[in-house]
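A.B. asks: Next up is a structure, given as structure tokens.
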Amino acid sequence: MYQNWNFENSYLKLPQLFYSNTQAEKFPNLEVVSKNIKLINALNLENNNFNNFIIKSINDKNIKSFSQSYAGHQFGHFTVLGDGRATLLGEHLNSNSERYDIQLKGSGKTPYSRNGDGKGTLKSMLREFIISEAMHNLKIKTTRSLAVLKTGEKIMRTGFEQGGILVRVAKSHIRVGTFQLAQISNKNENTKELLDYSIERLYPELKNNKNKYLDFYKKVVESQINLILEWQRVGFIHGVMNTDNMSLSGETIDYGPCAFLDEYNPNKVFSSIDHKGRYSFNNQPKIALWNLARLAETFLYLIDEDENLAIKKIETVLKNFEIKYYDLWVSMMKKKININQEYKEDINLIKELLDIMHVFKLDYTNTFIDIENNNIDKYEFIKDWKIKLDDRKKLNKNKEKHIDINPYIIPRNHIIDKILKESDDNDFNNLIKTMDIFKNPYNHNIQKKYSEPPKEEEKIHQTFCGT
């Protein structure tokens, strides 16, 4: 076990355009309220003295911490951004030489804070802690949460709230927006350096390829196909799919106003700032495609010296995104209702089910569990569809069930809301218990209350970023 960080900051070899040296602000009374023992062990850190260790790290002025700069399309509008409330302590290498960014979220003002205070509420940090770890246990690629701390101060949002810091762990924080920043610098060498660095860090197996830049782009596209597919599988709505919130590592990042579907509604949004439904549930694949097109624009000249040829190559990749995503989505939905083999009529069966779920406001998670358990006869309006499903199952080549396709529990919005309200009174008992429950989302033997949809008065209709 390491007694200290094993930092090696490769990112600082990039031009200073991409970062500023920053340090966390001094906080009155840092206190760890939740820590991730499994992740502590994965990073080969010492668990016994972790609380003191992480507080010391936040206060250590000798650590060469920094904040990253980037640009981005926010709800379609381009702007220059950066880590306005985050400081990256460094890149930690575990005993297997796996590299992880260790970032403090809510650490105070940076050069990119604009008019913000650079801080975060304890509630928003706990929320990301809960959901990101639930996503990890759902087997979805995501940034991780190492710990949440109270800062000992009150910060003003809609009212005074407890301040909090999240210690976030990621394979990298390189975003589509990082490349957009390089593009507007009007220096091609900035883009090339960033691209070479990204290949070396994320996909080193490509670095000697003849067409390594196009191959890198294909890898990023593939990672996003797989990620969005997983979001749709579990009913996850990200809420702010801006280009600065798309990580080239293929990890879910920046949880902000995210939420999970209760009743199925393909056009559902939770984010209080998504007034036009740009980032609605069904729109997520289209937005991912749009973001990837913006990424390609930043290094077209490196794909091919002939711009027209470069555009054609990128268009082919993006067209394949649509084809591959659709094929994989159909395959995934077939697994959710336990059918296999290829029949062109299957898509009609899937669409009919989704239409029924939408019209009758069925719970997204529980409907698929009921189908899996052959327990949907209780729905009178679904009986005709069930007959079709049973007939179709007779054509299955094998009887194998996919045990990790339909989660039994998800981090439901009303359950998280209850935990966050309890944190106002410094009560974290339910947090600890629920985090333990979320470790086994495919286990059907968990207490039923964790799988039940919210009552009418418990429903969460809007979510907020907490900035």
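Bear in mind these aren't lab numbers, they're just calculated from the coordinates by the rules spelled out. Given the structure is predicted, the values throughout are model-derived calculations rather than measurements. Quick reminder, even Gly has a Cβ in these numbers, built from the backbone with ideal geometry, and neighbours come from all protein chains shown.
A.B. asks: Tally the DSSP beta bridges in the chain and give the antiparallel ones as a percent, rounded to 5.
C.D. replies: Numbers: 41 of 44 bridges.
Restricted to the chain, the bridges split so that about 95 percent are antiparallel.
A.B. asks: Starting from the Cα gyration tensor of the range 10-174, multiply each eigenvalue by 5, take the square root, and state the resulting semi-axes largest first in whole Å.
C.D. replies: They are 22, 20, 17 Å, listed largest first.
A.B. asks: Where the only charges are on Cβ atoms (+1 Lys, Arg; -1 Asp, Glu), what is the dipole of the range 17-73 about its Cα centre, to the nearest 20 debye? Let's see the in-between values first.
C.D. replies: Numbers: 6 positive and 4 negative charges, 12 e Å.
Result for the range 17-73 is approximately 60 debye, rounded to the nearest 20.
A.B. asks: Suppose the chain between Ala293 and Leu17 were pulled fully straight at 0.36 nm per residue; how much longer would it get relative to their current alpha carbon spacing?
C.D. replies: On the way: separation 276, 0.36 × 276 = 99.36 nm, distance 2.30 nm.
Taking 0.36 nm per residue and subtracting the Cα distance, the gain is 97.1 nm.
A.B. asks: Next up: If r is the Cβ-Cβ distance from Lys418 to Lys344 and R0 is 30 Å, what FRET efficiency results, to the nearest 0.05? Don't jump to the answer; show the numbers that get you there.
C.D. replies: Numbers: r = 46 Å, r/R0 = 1.52.
In this case the efficiency is close to 0.10.
A.B. asks: Now, a different point. With n ≥ 4 as the cut-off for DSSP H runs, can you work out [θ] at 222 nm for the chain, using -39500 (n - 2.57) per run divided by the number of residues, rounded to the nearest 500?
C.D. replies: Details: 14 runs with 182 residues, N = 467.
Dividing the helical sum by the residues of the chain leaves -12500 deg cm²/dmol.
A.B. asks: Provide the net charge surrounding Lys361, with neighbours chosen by a C-beta distance below 10 Å and charges set as Lys +1, Arg +1, Asp -1, Glu -1.
C.D. replies: Working: positive: none; negative: Asp262, Glu263, Asp363.
Charge balance in the 10 Å sphere: -3.
A.B. asks: Considering amide H positions built from the backbone, and no H for Pro or chain starts, which residues 5 or more places from Gly120, or on another chain, come under 5 Å of its amide H?
C.D. replies: Gly164
A.B. asks: Please get the size of the charge dipole for the chain, origin at its Cα centre, with Cβ charges of +1 on Lys and Arg and -1 on Asp and Glu, quoted in debye to the nearest 20. Could you put the intermediate results ahead of the total?
C.D. replies: On the way: 67 positive and 61 negative charges, 51 e Å.
Approximately 240 debye in magnitude.
A.B. asks: Which whole-Hz ³J(HN,Hα) couplings does the range 168-176 yield from phi under the Karplus relation 6.51 cos²θ - 1.76 cosθ + 1.60, θ = phi - 60°, glycine and proline marked x?
C.D. replies: So the J values, rounded to whole Hz, are 9, 10, 8, 5, 5, 10, 6, 10, 3.
A.B. asks: Between the DSSP loop rule and a limit of at most 16 other Cβ atoms within 10 Å, which trypsin sites (Lys or Arg not before Pro) in the range 408-467 are left?
C.D. replies: Working: sites: Arg412, Lys418, Lys421, Lys433, Lys439, Lys448, Lys449, Lys455, Lys459; in loops: Arg412, Lys439, Lys455, Lys459.
For trypsin sites (Lys or Arg not before Pro) across the range 408-467 that sit outside H, G, I, E and B with at most 16 neighbouring Cβ atoms in 10 Å, the list reads Lys439, Lys455, Lys459.
A.B. asks: Then there is this: What is the spread of the Cα atoms of the range 264-375 along each of their three principal axes, largest first, in whole Å?
C.D. replies: Cα spread of the range 264-375 along its principal axes, largest to smallest: 59, 41, 18 Å.
A.B. asks: Can you work out ³J(HN,Hα) from phi for every residue in the range 316-327, in order, using Karplus 6.51 cos²θ - 1.76 cosθ + 1.60 and θ = phi - 60°, giving whole Hz and x for Gly and Pro?
C.D. replies: Result, ordered by residue: 5, 5, 5, 5, 5, 4, 4, 5, 5, 4, 4, 4 Hz.
A.B. asks: Still on this structure, please answer the following. For the chain, would you read off the P(r) tail past 34 Å as a percentage of all alpha carbon pairs? Before the final figure, lay out the partial values.
C.D. replies: On the way: 39494 of 108811 pairs.
When every Cα pair of the chain is considered, 36 percent fall beyond 34 Å.
A.B. asks: Can you list residues from other chains, or at least 5 along the same chain, whose modelled amide H is less than 5 Å from the amide H of Tyr19?
C.D. replies: Residues meeting the amide H criterion: Ser69.
A.B. asks: May I ask you to list the trypsin sites (Lys or Arg not before Pro) in the range 195-291 that are in a DSSP loop and have at most 10 other Cβ atoms within 10 Å of their Cβ? Display every interim value, and only then the final one.
C.D. replies: Numbers: sites: Arg201, Lys207, Lys210, Lys212, Lys218, Lys219, Arg233, Lys268, Lys276, Arg278, Lys286; in loops: Lys207, Lys210, Lys268, Lys276, Arg278.
Answer in residue order: Lys210, Lys276.
A.B. asks: Apply the Karplus parameterisation 6.51 cos²θ - 1.76 cosθ + 1.60, with θ equal to phi minus 60°, to every residue of the range 194-202 and state each ³J(HN,Hα) to the nearest whole Hz, in sequence, with x for glycine and proline.
C.D. replies: These are the phi-based 3J(HN,Hα) values: 5, 5, 4, 5, 5, 5, 4, 7, 9 Hz.
A.B. asks: Within the range 20-107, report the GluC sites (Glu not before Pro) that DSSP leaves as loop and that have at most 12 other Cβ atoms within 10 Å. Don't jump to the answer; show the numbers that get you there.
C.D. replies: Values: sites: Glu25, Glu31, Glu46, Glu91, Glu98; in loops: Glu25, Glu46, Glu98.
Loop-located and lightly packed - Glu98.
A.B. asks: What does a probe at Glu352 reach in the range 248-277, counting residues whose amide N is under 18 Å from the point 7 Å along Cα→Cβ?
C.D. replies: The answer is none.
A.B. asks: For Lys61, give me every one of the lysines with a C-alpha distance below 19 angstrom, ignoring sequence neighbours fewer than eight places off in its own chain.
C.D. replies: Correct list for Lys61: Lys26, Lys105, Lys109, Lys119.
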